[in-house]
Number of protein chains: 4
Amino acid sequence: MTDTKAPDSSRRSDRSRHAIYEAALALVAEVGYARTTIEGIAARAGVGKQTIYRWWPSKAAVLLEAYLDLAGQAAGDETEIPDTGDLAADLKLVLRATVDEMNNPAYDGPTRALAAEGVVDPALGAQFVEKLLDPSLQLYARRLRAAEEAGGLRPGLDLRIALELFVGPLTHRWLLRTLPLTHDYADTLVDYALHGLATEPPRS
Amino acid sequence: MTDTKAPDSSRRSDRSRHAIYEAALALVAEVGYARTTIEGIAARAGVGKQTIYRWWPSKAAVLLEAYLDLAGQAAGDETEIPDTGDLAADLKLVLRATVDEMNNPAYDGPTRALAAEGVVDPALGAQFVEKLLDPSLQLYARRLRAAEEAGGLRPGLDLRIALELFVGPLTHRWLLRTLPLTHDYADTLVDYALHGLATEPPRS
Amino acid sequence: MTDTKAPDSSRRSDRSRHAIYEAALALVAEVGYARTTIEGIAARAGVGKQTIYRWWPSKAAVLLEAYLDLAGQAAGDETEIPDTGDLAADLKLVLRATVDEMNNPAYDGPTRALAAEGVVDPALGAQFVEKLLDPSLQLYARRLRAAEEAGGLRPGLDLRIALELFVGPLTHRWLLRTLPLTHDYADTLVDYALHGLATEPPRS
Amino acid sequence: MTDTKAPDSSRRSDRSRHAIYEAALALVAEVGYARTTIEGIAARAGVGKQTIYRWWPSKAAVLLEAYLDLAGQAAGDETEIPDTGDLAADLKLVLRATVDEMNNPAYDGPTRALAAEGVVDPALGAQFVEKLLDPSLQLYARRLRAAEEAGGLRPGLDLRIALELFVGPLTHRWLLRTLPLTHDYADTLVDYALHGLATEPPRS
DNA sequence: CCGTAACCGAGACGGTACGTCTGGTCTTTGA
DNA sequence: TCAAAGACCAGACGTACCGTCTCGGTTACGG
């Protein structure tokens, strides 16, 4: 009997919502995620704090949505991985692009903050994966399926695991900053993953 | 020459330091990392807050050290990866153990929190990598070098990148919680990485 | 025009204000002024510290207001000095009452602390004088003016200075604790001040 | 074996004591009494904090002693009130000098702070009165006694109370800052106190 | 077309923790 | 053997945000 009141989203102010997106993105760009506060976003957006608390559960949720909104405007950017017939070349192309993105501060800043928050907050992590990560993983999945059908992959592979062989190491270097992310690294990754590390062919 | 006032570490109280370690670990275990506060650690350890601020730059730094101290006591746990001659089997053994660790809340809790903090704080991230991550990566490096010398690996491999083919995907699933971490997953990873995804052998 | 952010006093919580008054007075009575802290007042009043910092500049200011509020409730206590026609007797009556007040711990405690703070903090001192001291001085001023009109005082006297001849020595003994404050002292003061110390009458 | 050890004052370091005096006076002059700390005095004097705590009970006690030490060096300044035979003139001379002192920031600063502390701390107040106030009051006492013997004062006066008729009002204005302290004020005070306020002579 | 029920901007509120500062005590080290 | 140096426990300081709560005002239905 305490609240149970879901706000009426049909009466929601688009004006406020977009002002909040802009303020959130601007603040994260200016002072970083950690020093961005809900209070600061509200003030910058010229919005009452309650308007934020009414519609979002956390600062991270605000930023994730703001980020998705931004990405949505630059829509159609989810181009497909090209299929030139040369799987290795195609994958290298895309991994190199990913490396560039990870090295680009404009992308790295907010994404890294969201990822970190998601590491620790499962609900947000699920959102992060679903909304940001999965879409790009689907690209790999489709390209690999095409390769499989073309007979370029060993039969019976679990394609989900296969694609993690590419993006796993990349993400590892990105998040943990163990070593620099370069185009060479991306290329080597593709070669190693496609052709294996071992001398011997698989027994099966 | 970095700071104006460096405290004299020779006069540091071991008593306090260990009380702080214990309090920090206990609190993280009881209420979680996010709700653990420096104030709380100080109170629990029966220590002035300044004693913490004097020696550590952040809550995360305290916990990292506490965690390392704990690991150090259970020393010699850094056993070597066995070398039975069967590289795949040896790797699977260790990857499975790692999977178990990642699924163990007692390990997952603090480590995940530290990793998340390290994602966002480069200085801490470097510490995390150097003190916690690298040592275990060295195990893989040594086992792979042995395999290379035994002729089990394709010559000329960059072993650092090779080992990331195993731990990258594992870390990916662990941190981002995309899909469950199982022994089967570990096994498959080893097979895929050792023998490659592609039908064709490498051209070179 | 004084501050950058003046809080909106129309939205101020009377509930909180009075809880703060009560807590402040209670704490000063219980542990003394010096050991009363803003933190303690806030905790005792069930109020956030910011609510105190928002409305008062210092602990002393809180207590002064609390004290005035208390005095205001016991309103109308500012009775007039009686005018029986016998100036000396009337003054003695009031000075004796003042002596009693100064010897009363319940009054002495907070008032002394405020006075001491005012000695050192001019802004607070001005408040102290204006709100606490002046009103009672006005009583003397009126009684003396009546006496002047009745021809009981030498013509042309500066009445402000005249009244300080009574309250100055009293305050001196009170604040500096040089010698005990007694009714006899008050009586003597009145006699000396009214009739002078010298054998000779004034030349003028 | 805990404390109960009165320090052996014969082994006290004069060097340290004077360094502390100088540091205390310098700090009070530079940043004011309130912002002077024992820690600061120790650091400035190149002395351990314990050396201060060993010999003095409080910051105020240090400053009082430092101040007395300073005054002691400029010794012999305790000149007598002149006795020209004209009591009023002599008193005015001295009261005017006192007024000037009270208006002199170099004197006002530390003395006011000590007085304020003494208002609130009886032990210190007693010291303040005994060491700083009483000596100058003795001057008045002697001059008044001379006047009494010369027949210039009404017989049977309590000279202690008589002198408070002069210094009480002065101190009142000084500490409470009710109104400006001027030479005129001092003169008027002397006239009023010597010749009384009332028209009628005393009945006795 | 006029009430009334929401959302809205604003910001005061009770809280919690921050990181700093100082008070007084205790310990180590060099002269 | 003492004093310098300063680490230690303790806890208040004043600030920053949190998330909740009024408060008017301003839409935008729904009777």
Here are the criteria: (1) within 16 Å of DNA strand E (Cβ to nearest atom); (2) in contact with an Asp or Glu (Cβ under 9 Å, 6 or more places away or on another chain). Tell me which single one residue C:54 does not satisfy. (2)
Go through the residues of the stretch B:78-91 one by one and say whether even a single one is within 16 Å of DNA strand E (Cβ to nearest atom) and either of a type in the set (A, V, I, L, M, F, W, C) or surrounded by fewer than 21 Cβ atoms within 10 Å (Cβ to Cβ) (or both). no
With the checklist (1) within 13 Å of another protein chain (Cβ to nearest Cβ); (2) within 13 Å of DNA strand F (Cβ to nearest atom); (3) without any contact (Cβ under 8 Å) to a residue 12 or more places away in the chain in hand, flag the one item residue C:56 doesn't pass. (1)
Would you check if there is a residue in the stretch D:151-169 being outside the structural domain of residue D:32 (by TED's automatic domain parsing), within 28 Å of residue D:34 (Cβ to Cβ) and touching a Pro at 6+ places or on another chain (Cβ under 6 Å)? yes
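For (1) part of a helix (DSSP H, G or I); (2) within 14 Å of chain C (Cβ to nearest Cβ), each residue gets a yes or a no:
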site: D:16; (1), (2): yes, no
site: D:22; (1), (2): yes, no
site: D:28; (1), (2): yes, yes
site: D:39; (1), (2): yes, no
site: D:42; (1), (2): yes, no
site: D:47; (1), (2): no, no
So residue C:84 ticks every box in (1) within 24 Å of residue C:129 (Cβ to Cβ); (2) in a loop (DSSP other than H, G, I, E, B); (3) more than 16 Å from DNA strand F (Cβ to nearest atom) but one. Which box is left unticked? (1)
Close pairs from the stretch C:113-139: first outside any helix (DSSP H, G or I), partner of a type in the set (Ser, Thr, Tyr) and at pLDDT 90 or above, Cβ under 8 Å, at least 6 apart: C:121/C:58
Cβ-Cβ distance below 7 Å, separation of 6 or more or different chains: which pairs start in the stretch C:84-103 with a residue that is among the charged types (D, E, K, R) and end on one that is surrounded by 15 or more Cβ atoms within 10 Å (Cβ to Cβ)? C:90/C:81; C:90/C:143; C:92/C:186; C:92/C:187; C:92/C:190; C:96/C:186
Is it true that residue A:168 is within 7 Å of another protein chain (Cβ to nearest Cβ) and either among the polar types (S, T, N, Q) or free of Cβ contacts under 8 Å to residues at least 60 places away in the same chain (or both)? yes
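The values are calculated or read from the model by the stated rules, or taken from the named source; none is laboratory data. This one's a predicted model, so the numbers in the text were calculated from it and none came from an experiment. Cβ sites come from the backbone with ideal geometry, for glycine too, and all protein chains shown count toward neighbours.
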